[in-house]
Amino acid sequence: MTSVSAPSAAELCPDCGAPRGDLARFCEACRYDFTTGAGAGAVSASRSPSWTATVSVDHEYFAKVMARSEPEDQRLYFPTHSPDRHIPLTHVLITIGRRRSSGHTPFIDLGGASEDPGVSHEHAILIQQPDSTWSLMDKGSTNGTTVNGAEDPVVPYKPVPLTDGDLVHVGLWTTITIHRN
Ligand SMILES: [Zn+2]
């Protein structure tokens with residue numbers, strides 16, 4: 001008989017950072033196996049059909065962010081030349097964030113030359129489900145994540161299902177559209 005020690009309230013999934021459910025074997029967000037330590041990435045790296053994320057500088061979303069921000073934030077300028085980026089989603093766990101000067105660079109990096117200063121270093125993740133659709137999970141980001149133009153941000157660490165064409169808004173002006181190819 002194996003004795004199981006009670007998890008601390010702060011136990012987090014090492015793969016995606018979601019809080020572990022009550023002695024749950026699998027992470028609710030990414031299906032990490034707490035018993036064997038097998039991550040979602042080990043399940044499959046290439047499920048069909050394939051998906052692409054389009055990263056856009058979104059003026060409509062920027063206007064909404066400015067409308068609800070403090071006057072001192074109004075000096076932020078909108079990037080004038082920033083073409084869309086098309087990023088194939090080639091992993092089952094896609095990190096979204098802003099790179100650090102040293103260390104980890106997220107899969108969808110909103111730092112660097114076309115930095116969005118409203119994005120947290122570890123902002124959110126996309127997690128592919130067994131049926132090949134995606135879930136979005138905010139990782140407790142500073143400014144939150146919204147979906148499809150909603151006013152209210154999604155609840156941190158609670159996966160939200162996405163479908164083809166859904167819009168994920170982060171930072172000051174970034175909209176990420178997911179497409180089934
Ligand atoms: Zn997880």
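Could you tell me which residue of the stretch 107-127 is nearest to the chain's Cα centre (by Cα), considering only residues that are open to solvent by less than 10 Å² (accessible area, probe 1.4 Å) and not aliphatic (A, V, I, L, M)?
His123
Give Thr133, Thr145 a once-over and let me know the one that is free of Cβ contacts under 8 Å to residues at least 40 places away in the same chain and open to solvent by 10 Å² or more (accessible area, probe 1.4 Å).
So the residue among Thr133, Thr145 that is free of Cβ contacts under 8 Å to residues at least 40 places away in the same chain and open to solvent by 10 Å² or more (accessible area, probe 1.4 Å) is Thr133.
Just need a number here: residues in the stretch 61-96 that are within 16 Å of the ligand (Cβ to nearest atom) and either touching a Pro at 6+ places or on another chain (Cβ under 7 Å) or within 18 Å of Thr142 (Cα to Cα) (or both).
2
Would you check if there is a residue in the stretch 159-181 being closer than 21 Å to His104 by Cα and open to solvent by 80 Å² or more (accessible area, probe 1.4 Å)?
Looking through the stretch 159-181, none of the residues is closer than 21 Å to His104 by Cα and open to solvent by 80 Å² or more (accessible area, probe 1.4 Å).
Taking the stretch 12-27, which residues are open to solvent by less than 70 Å² (accessible area, probe 1.4 Å) and either more than 10 Å from the ligand (Cβ to nearest atom) or part of a loop (DSSP other than H, G, I, E, B) (or both)?
Answer for the stretch 12-27, where residues must be open to solvent by less than 70 Å² (accessible area, probe 1.4 Å) and either more than 10 Å from the ligand (Cβ to nearest atom) or part of a loop (DSSP other than H, G, I, E, B) (or both): Cys13, Asp15, Cys16, Gly17, Ala18, Arg20, Gly21, Ala24, Cys27.
The values are calculated or read from the model by the stated rules, or taken from the named source; none is laboratory data. Keep in mind that what you see is a predicted model, and the values were worked out from it rather than measured. Glycine also receives a Cβ, built like all others from the backbone with ideal geometry; neighbour counts cover every protein chain displayed. Protein only, heavy atoms only, side chains kept; ligands, DNA and RNA dropped before computing areas. Shrake-Rupley method; radii C 1.70, N 1.55, O 1.52, S 1.80 Å.
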